[in-house]
Amino acid sequence: MSGPARVKSLVPGRQIHACLTKLGLLQDNKQRNCLINLYAKCGDFGNAHKLIEENPEPDLISWSSLISGYTQNGLLEEATLSFRKMHSLGLKCNEFTFPSVLKACSIKRDLLLGKQIHGVVVVTGFGSDVFVANTLVVVYAKSGELSDSRKLFEEIPERNVVSWNVLFSCYTQNDFFKEAVSLFQEMVQSSGIKPDEYSLSTILNACTGLADIYLGKKTHCYLLKIGHDSDPFSLNALVDMYAKLGDLEDAIAVFQGISEPDIVSWNAIIAGCVLRECHDQALEMLGRMRRSGMSPNMFTLSSSLKASAALKLQTAGKTLHSLLIKKDIVIDPFVSVGLIDMYGKCDLMNDARLIYDYMPEKDLIALNAMISGYSLNEEYTECLTLFANMHKSGIRFDQTTLLVALNSTAGLQAYDVCKQIHTLSVKSGFHSDPYLVNSLIDSYGKCSLLAEAAKILDEFPFVDLPSFTSLITAYAQYGKGEEALKLYLRGNKSTFMS
């Protein structure tokens, strides 16, 4: 039964179950527990529970298999409830049960239950078990208690490489990049434990978080020194680090040194090209990827959509859309927003609107992408109509929404709408945002409401060059040369030369 359980194959498992029943071997606890483990791993909890209930004395292995299955399948509440039931029956946990239920606590960020189980761990004498202790470190870190995580880490009598990796990962995920680097240096210099591919990839992510390419290159040299030059985890992290820190040349060099790039490798280099605005190169990499036989996933295609949008390549964008439809991932909200953005930048607003209308749930990001497309293509009336409708329906807005709407009011010279958006910005507390201040001055100026524009300029002493320029331009446009000159003279030298 270990084979079907390992590959999560229910059909042969059920055949074995039928065989055992026919032969009368289900009374054997070992066979029963193997079946419970199989069903739990495959997510068939009905049969797993039935086997436990039919056993007059289910043992620790039965319950541990059930709890582990629940956790692996993301049924965290069921995992913790099963642990409570098992505990109430007087069964004592072991080093296999604790990590499963503690993992459920860490994913749920249930620190209260985690602490209660920690108490049981200490009482039952498993506090020094490295596997249990490693999971406890994660429980506290996931709930933001990093000092407690570090304390638990220090108390582990015989740390293994996983112990170090767990704390590296906790620090990096919580943006404690300096602490992660310091811990890595401690591991290398004094622990006697050699970093593995997970240690190296995590510390490279910390270098990326610190934006420290010098430290990243030192880590690169170190991983070459200890023989990880062909390790895909480390190499993928290197590609990502170099690309994000502005060294696309080295990112490509590392990528080309990977003998068999996987999907993560391709995604890292394509996303890196897009990040560095090398959009032609990103699409070239996508072509190479497909020719190599590797199938792009949602992340590959999302990055490629950004490249197509930046280059305004309608045909390439539509080809990517077709690929997304074939993969049945076009309904993902992240992908839908990418498609709206691409069609908007390619001047295909009807296609963008179709995507938007078919989205089952329209959030702020989708709204901003849609109205930005309308504004970009000077379809100002459609922009403001959509904004008004979505505001009435209760979708919240942010500074970006208001900036785009103000650009459309300026384009239409719709002074009434400009005033309404100004009122909205005040009520929402966004009116002091410097970008919004600039946009309000520009919109009022283009709507010939020069007094209102000047009032905003006077109310905010820290306005910058674009604000002055917008109002000076408006004064000049409406024949108020004297006011334009006065405003120019009012701006000091640093304002206009910065």
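The values are calculated or read from the model by the stated rules, or taken from the named source; none is laboratory data. Quantities reported herein were computed from a predicted structural model and do not represent experimental measurements. Cβ placement follows ideal geometry from the backbone for every residue including glycine, while neighbour counts extend to all protein chains displayed.
Couple of notes before you dig in:
- Of all residues in the stretch 397-444 being assigned to a loop (DSSP other than H, G, I, E, B) and modelled with pLDDT of 90 or more, the one that is nearest to Ala474 (Cα to Cα): Gln413
- Verdict on Val137 being in contact with a Leu (Cβ under 6 Å, 6 or more places away or on another chain), part of a helix (DSSP H, G or I) and under 26 Å from Phe83 (Cβ atoms): yes
- Of the helices (runs of 4 or more DSSP H) lying entirely inside the stretch 245-342, those carrying at least 1 residues that are hydroxyl-bearing (Ser, Thr, Tyr) are 263-275, 298-311, 314-326.
- Scanning the stretch 361-374 for residues that are among the acidic types (Asp, Glu) and either modelled with pLDDT of 95 or more or buried (at least 23 other Cβ atoms within 10 Å of the Cβ) (or both) returns no hits.
- Selection of first residues in the stretch 138-159 that are in contact (Cβ under 8 Å) with a residue 24 or more places away in the chain and within 16 Å of Glu186 (Cβ to Cβ) and of second residues that are assigned to a helix (DSSP H, G or I) and of a type in the set (S, T, N, Q), restricted to Cβ pairs under 8 Å at least 6 apart or on distinct chains, gives the following pairs, ordered by first then second residue: Ile156/Asn134; Ile156/Ser163; Arg159/Ser191.
- Being within 28 Å of Arg291 (Cβ to Cβ) and either in the same structural domain as Cys278 (by TED's automatic domain parsing) or of a type in the set (A, V, I, L, M, F, W, C) (or both) holds for only one residue in Leu183, Leu224, Leu235, and it is Leu235.
- Search result, residues across the stretch 174-213 that are of a type in the set (Val, Ile, Thr) and within 17 Å of Phe153 (Cα to Cα): Val181, Val188, Ile193
- A single member of Ile258, Ile270 is under 19 Å from the mean Cα position of the chain (by Cα) and buried (at least 17 other Cβ atoms within 10 Å of the Cβ), and it is Ile270.
- Among the residues of the stretch 349-360, just one is more than 11 Å from Ser336 (Cα to Cα) and either in contact with a Gly (Cβ under 8 Å, 6 or more places away or on another chain) or modelled with pLDDT under 95 (or both), namely Met349.
- Lone qualifier among Leu200, Leu235, Leu215, Leu224 - being assigned to a helix (DSSP H, G or I), on the phi < 0 side of the Ramachandran plot and in contact with a His (Cβ under 8 Å, 6 or more places away or on another chain): Leu200
- Residue count, the stretch 105-124 (criterion: farther than 12 Å from Lys92 by Cα and not in a helix (DSSP H, G or I)): 2
- Counting only residues that are surrounded by fewer than 22 Cβ atoms within 10 Å (Cβ to Cβ) and more than 25 Å from the chain's Cα centre (by Cα), the stretch 123-146 holds 9 of them.
- Test set (1) buried (at least 21 other Cβ atoms within 10 Å of the Cβ); (2) modelled with pLDDT under 95 - Asp328 fails condition number: (1)
- Residue in the stretch 414-430 that is under 27 Å from Val274 (Cα atoms) and either buried (at least 20 other Cβ atoms within 10 Å of the Cβ) or outside the structural domain of Met294 (by TED's automatic domain parsing) (or both) present: no
- Conditions (1) in a loop (DSSP other than H, G, I, E, B); (2) at pLDDT 75 or above; (3) among the polar types (S, T, N, Q); number of the one not met by Ser64: (1)
- A count restricted to the stretch 445-466 and to residues that are at pLDDT 70 or above and either crowded, with 17+ Cβ neighbours inside 10 Å or touching a helix residue (DSSP H, G or I) at 6+ places or on another chain (Cβ under 8 Å) (or both) stands at 14.
- Test: residue in the stretch 229-252 that is among the polar types (S, T, N, Q) and free of Cβ contacts under 8 Å to residues at least 12 places away in the same chain: no
- Figure legend. Inter-residue proximity from the stretch 281-297: first residues at positive phi, second residues in a loop (DSSP other than H, G, I, E, B) and of a type in the set (S, T, N, Q), beta-carbon distance below 8 Å, spacing 6+ or different chains. No pairs are indicated.
- Options Leu210, Leu224, Leu152: the member that is loosely packed, with under 13 Cβ neighbours inside 10 Å and either among the aliphatic types (A, V, I, L, M) or at pLDDT 95 or above (or both): Leu224
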